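S.K.: Pasting a structure here, questions to come.
The values are calculated or read from the model by the stated rules, or taken from the named source; none is laboratory data. Small disclaimer: the values here were computed from a predicted structure and weren't measured. For neighbour counting, all protein chains shown are included, and Cβ atoms are generated from backbone atoms with ideal geometry for every residue, glycine included.
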Amino acid sequence: MTDFTPYLASSTYIDWEDPLVSTRAAALAEGCGTEVETARNCFHYVRDSILHSWDHRRNPVTCKASDVLAHGTGYCFAKAHLLAALLRANAIPAGLCYQRLSAPTEPPQYYLHGMAAAYLSGYGWYRMDPRGEKPGLHADCAPPLEALPYPADKPGECTLPEIWPEPLPIVVATLTTYRTVEEVFDHLPDVEVVTRPVR
């Protein structure tokens, strides 16, 4: 049996016990009859009401869920931290997951993209991408189908299979070291992906 304790905890960056976060989470769950409805409300709130830092060139750089909510902005990673916090505040196990994507440069430049995942009864782990929509990008919460905006199907790209209870240290370092959205954009984190040779 899976121990969901780490995926329900309030922590430094997924600080759902902060009154700002817990109050918002309760409001989003009001009137919901199922955990899927609650998860969908939380997802739509973060996707649509929290501005993506780079899309809107909006400072400050945020990392903690409560800061994302207070300032109304965050990079994909930070928005995922807030979504995970809102879900946990509603007793829905939630974690963080990542894709490795590439920029259209020559040679390609790779970077991590942050998402959240919820453990939903009857569906298991379900990934959601609350980065925010723009032309050509659409994401939704519609289990059992995952509606992610990035297919991660180009050479060198992938969707990492792990679901972490806490942000990757390299993500935290990026969001807490650089002071402006431009600096973060110039230093987006990446991880090396090891692939097995085809025999």
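S.K.: Looking only at residues that are hydrophobic (A, V, I, L, M, F, W, C) and in contact with a Pro (Cβ under 6 Å, 6 or more places away or on another chain) in the range 157-186, which one is surrounded by the fewest Cβ atoms within 10 Å (Cβ to Cβ)?
M.R.: Among them, the one singled out is Ile170.
S.K.: Return the residue satisfying two criteria in turn: it lies in the range 45-93 and is touching a Leu at 6+ places or on another chain (Cβ under 8 Å) and among the charged types (D, E, K, R), and of such residues it is nearest to His187 (Cα to Cα).
M.R.: Arg58
S.K.: Any idea which residue in the range 146-156 is surrounded by the fewest Cβ atoms within 10 Å (Cβ to Cβ), counting only those that are part of a loop (DSSP other than H, G, I, E, B) and on the phi < 0 side of the Ramachandran plot?
M.R.: From the range 146-156, those part of a loop (DSSP other than H, G, I, E, B) are 148-156; that's our starting set.
Checking the rest, the ones that are also on the phi < 0 side of the Ramachandran plot come to 148-151, 153-155.
On the way: Leu148: 19, Pro149: 17, Tyr150: 16, Pro151: 10, Asp153: 8, Lys154: 14, Pro155: 6.
Only one residue tops the list, namely Pro155.
S.K.: Within the range 15-36, take every residue that is charged (D, E, K, R) and assigned to a loop (DSSP other than H, G, I, E, B) and give me the one that is surrounded by the fewest Cβ atoms within 10 Å (Cβ to Cβ).
M.R.: Glu30
S.K.: Might you check whether a residue that is part of a strand (DSSP E or B) and either touching a helix residue (DSSP H, G or I) at 6+ places or on another chain (Cβ under 7 Å) or of a type in the set (Phe, Trp, Tyr) (or both) occurs anywhere in the range 64-85? Walk me through it before giving the result.
M.R.: Taking the range 64-85 and keeping what is part of a strand (DSSP E or B), we get 73-74.
Filter once more, so that each one left must be either touching a helix residue (DSSP H, G or I) at 6+ places or on another chain (Cβ under 7 Å) or of a type in the set (Phe, Trp, Tyr) (or both): 73-74.
Checked against the condition, which is being part of a strand (DSSP E or B) and either touching a helix residue (DSSP H, G or I) at 6+ places or on another chain (Cβ under 7 Å) or of a type in the set (Phe, Trp, Tyr) (or both), the range 64-85 yields at least one hit.
S.K.: Considering only residues that are closer than 19 Å to Thr73 by Cβ and of a type in the set (Val, Ile, Thr), look in the range 37-52 and name the one that is surrounded by the most Cβ atoms within 10 Å (Cβ to Cβ).
M.R.: In this case the residue turns out to be Val46.
S.K.: Checking the structure you have, find out if any residue of the range 4-14 is in contact with a helix residue (DSSP H, G or I) (Cβ under 8 Å, 6 or more places away or on another chain), within 28 Å of Asp153 (Cα to Cα), crowded, with 24+ Cβ neighbours inside 10 Å and among the hydroxyl-bearing types (Ser, Thr, Tyr).
M.R.: Scanning the range 4-14 turns up no residue that is in contact with a helix residue (DSSP H, G or I) (Cβ under 8 Å, 6 or more places away or on another chain), within 28 Å of Asp153 (Cα to Cα), crowded, with 24+ Cβ neighbours inside 10 Å and among the hydroxyl-bearing types (Ser, Thr, Tyr).
S.K.: Right, here's the next one. Return a yes/no flag: does the range 94-117 have any residue that is within 30 Å of Asp18 (Cα to Cα) and either modelled with pLDDT under 95 or β-branched (Val, Ile, Thr) (or both).
M.R.: Let us first name the residues in the range 94-117 that are within 30 Å of Asp18 (Cα to Cα), namely 94-99, 112-117.
Narrowing the set further to residues that are either modelled with pLDDT under 95 or β-branched (Val, Ile, Thr) (or both) leaves none.
No, because not a single residue in the range 94-117 is within 30 Å of Asp18 (Cα to Cα) and either modelled with pLDDT under 95 or β-branched (Val, Ile, Thr) (or both).
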